[in-house]
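Just below is one structure, and these are the notes that go with it.
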Amino acid sequence: MAERRLHGLQRVLGVNALFSTAYGNVGSSIYYALGLVASFALGLTPVVFVITGFIFYLTAATYAEATAMYPEAGGSSSFARHAFNELASFFAAWAQMLNYTITIAISAFFVPHYLGGVAHVDALRHAPGDIFFSIGLIIALSLVNVRGVKESAGVNIGLAVVDFLTQLLLVAVGIFLVFSPSTLIDNVHFGLAPTWKDFFVAIPVGMIAYTGIETISNMAEEAKDEEKTIPAAINRVVIAVFAIYSLLPMVALSALPVTQNPDGEYVTKLGLPEDQGGFAGDPVLGVVKGFDLGFLQGPTEVYVGILAATILLIASNAGIIGVSRLVYSMGVHRQMPDRMRQLHPKYGTPYIGILIFGVIACIAVIPGKAEFLGNMYAFGAMLSFTVAHVAVVKLRLSKPDARRPWRGPGNIELSGGRSIPLFAVFGGIFTLLAFIVVTALHVDVAIAGIGWLALGMAIYPVYRKRQGLDLTTTTKVAIQRPVLEHEAEYESVLVALDATQGYAKGTIATAAKLAARRRRGIHVLVYIAVPQSSPINASLPEAEAAAESIIEQARLQGGRRVTGHVEKVRAGGAGRMIVQEARQLRAQAIVAPLPPRTGGTLFGKTLETVLAERPCRVIIQSDPVKGPISKRPITVLD
């Protein structure tokens with residue numbers, strides 16, 4: 001008996017894909033965090049990044065342990081649900097929502113600064129030009145995500161790798177050309193430059209450099225062999241980030257040291273705004289301008305500026321994708337009105353949530369204050385991280401027998417199998433202190449942040465009461481799932497069809513002939529590409545109805561031996577999914593139609609992947625649109 005795989009999530013992401021995607025989000029932060037931290041910490045900026053790197057390490061250990069236990073999207077919200085209850089989960093999710101919204105705003109805000117620095121357009125480097133540009137960018141990205149344009153995971157991963165290698169190269173060149181230990185020592189004037197107040201404020205602000213730590217947790221449902229790949233990917237991110245963020249600030253403060261201005265104040269161009277001759281809006285480009293690269297100086301500045309703008313654009317878009325997935329998840333768990341997670345009838349994306357939080361991000365940009373945005377992120381992130389640390393401690397005490405595929409370092413064993421995770425205890429203390437510092441020392445942040453939390457805590461009980469639910473019980477919206485089917489015999493022919501290309505009569509006819517010769521059944525796999533801005537298991541009524549219609553037509557044409565099911569897959573993942581399905585069903589042949597030619601290849605990316613990794617014979621059916629030429633399948637043998 002062949003057991004057919006359930007419709008659901010496609011676990012196809014390995015360690016390299018998880019690492020690259022996470023570093024693409026975390027690594028983008030250095031392009032604005034360097035200037036924000038330097039404006040407070042001055043010559044102690046490298047020390048701040050080392051301290052925050054240690055806190056990041058503790059936080060990453062917490063996320064690795066909890067995500068390996070519960071490989072599902074949600075991050076700290078998911079951890080809080082398992083450790084406490086739905087109210088705690090909502091509280092963490094609402095803080096995460098603030099993080100994502102600020103990530104959208106701050107990443108978009110720095111794009112015009114880098115473009116203006118490269119193109120020498122001064123209007124883009126200060127208000128109101130940078131504000132209008134970033135608001136326009138957020139609006140454009142929101143509309144793109146509403147439409148659900150397919151995003152190339154391969155391009156994003158490639159850019160993340162290029163970004164990491166570029167940062168390594170900048171560090172290497174900077175150490176060779178400008179690094180000066182004596183300059184770094186002379187930059188520091190304890191208690192004066194910086195003041196102790198500014199130094200302690202810089203630490204929570206420095207945590208903005210680790211924007212995106214939740215990325216791997218939110219991709220957990222798409223990770224293969226998640227118990228091993230998730231901790232391994234997180235460890236790689238920690239090593240890579242710490243290496244860059246401990247060295248690049250040293251190079252930066254060597255190239256742009258702390259000096260005294262005519263008023264006697266200590267400043268560094270890294271933290272000065274552009275109208276004062278500084279590079280607060282494009283600090284990494286400012287570092288490059290501090291090099292002396294000869295004839296390569298101009299091209300290098302252009303390259304770094306464009307790369308930085310591109311990475312920040314992707315980071316802002318990732319924030320919108322994160323918002324959309326979180327909105328959908330919160331709606332499914334009855335944490336916010338269903339209207340917020342409602343999918344667009346045509347594009348299948350949670351368009352209401354995307355547009356609402358896109359508008360909030362635009363409002364956050366209007367003051368044009370990068371420091372405010374940085375402090376707001378620190379407010380939400382420190383709160384979210386603290387909840388995650390506390391949740392891991394609680395899980396160790398309340399569920400000592402729960403399976404933990406990976407345990408963080410430093411544990412005190414107690415009776416009854418319980419233990420205290422020191423990494424989570426100290427991580428929680430540090431993030432809580434950072435949260436208190438950024439809240440206590442910035443009245444505007446306290447008002448905005450506490451107001452945000454109060455809004456959420458006011459909406460949640462009203463909504464739950466209207467739904468007839470209490471505040472703490474986990475209740476999910478029922479999502480229809482197909483039942484497990486046991487076929488009468490192994491299918492030997494797998495027909496792979498794209499739901500967007502409609503019914504392929506010739507392909508089914510070819511499969512029927514092939515199956516008849518081998519006296520085997522036919523299984524029709526219809527796949528639907530899900531936009532990045534929607535959860536992989538999102539309900540797509542129109543696309544699913546079209547896919548089911550294709551299967552019904554195949555049954556009418558091929559008879560009772562035809563079975564079929566629908567799979568949802570990310571853009572670019574269909575080929576590998578078809579190969580895995582063929583192996584699962586022990587298919588002897590894969591039959592697929594020749595897709596319309598849209599690029600430079602005959603077969604397209606999906607079929608090229610199938611051909612490259614084929615586990616059996618592959619038959620590609622070509623149906624001429626018109627003319628007397630008969631239909632001929634293109635056969636590729638194993």
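Nothing in this text is a laboratory measurement; each read-out follows from the coordinates by a stated rule. Because the structure is a prediction, the values reported are computed rather than measured. Heads up, the Cβs are rebuilt from the backbone with ideal geometry, glycines too, and the neighbour counts pull from every protein chain shown.
Among 14-24, 122-132, how do they line up from the highest to the lowest mean number of other beta-carbon atoms within 10 Å?
14-24, 122-132
Taking θ as phi - 60°, what are the ³J(HN,Hα) couplings along the range 560-568 by the Karplus curve (6.51, -1.76, 1.60), each to the nearest whole Hz, with x for Gly and Pro?
Values per residue, Gly and Pro as x: 5, 6, 8, 10, x, 7, 10, 10, 9 Hz.
Among the lysines, select those whose C-alpha is under 22 Å from the C-alpha of K369, and discard any that sit fewer than 8 residues away in the same chain.
K197, K269
Sequence neighbours fewer than 8 away in the same chain don't count; with that in mind, list the lysines whose C-alpha is under 26 Å from K476.
Candidates past the 8-residue exclusion: K224, K346, K394, K399, K465, K568.
Along the Cα→Cβ direction, 7 angstrom out, place labels at D292 and L422. What is the inter-label distance in nm?
Roughly 4.9 nm, to one decimal.
Taking the simple approach of a point 7 Å from Cα along Cα-to-Cβ for both A243 and V161, what is their distance in nm?
For A243 paired with V161, the spin-label model returns 1.5 nm.
By per-residue mean of other Cβ atoms within 10 Å, what is the highest-first order of 529-540, 464-475, 67-78, 561-572?
Highest to lowest by the protection proxy: 67-78, 529-540, 561-572, 464-475.
Relative to the longest principal axis of the C-alpha atoms of the chain, give the angle of the C-alpha long axis of helix 15-26, reported between 0 and 90° and rounded to the nearest 10°.
40 degrees
Using mean Cβ contacts within 10 Å as the protection proxy, how do 99-112, 223-236 order, highest first?
99-112, 223-236
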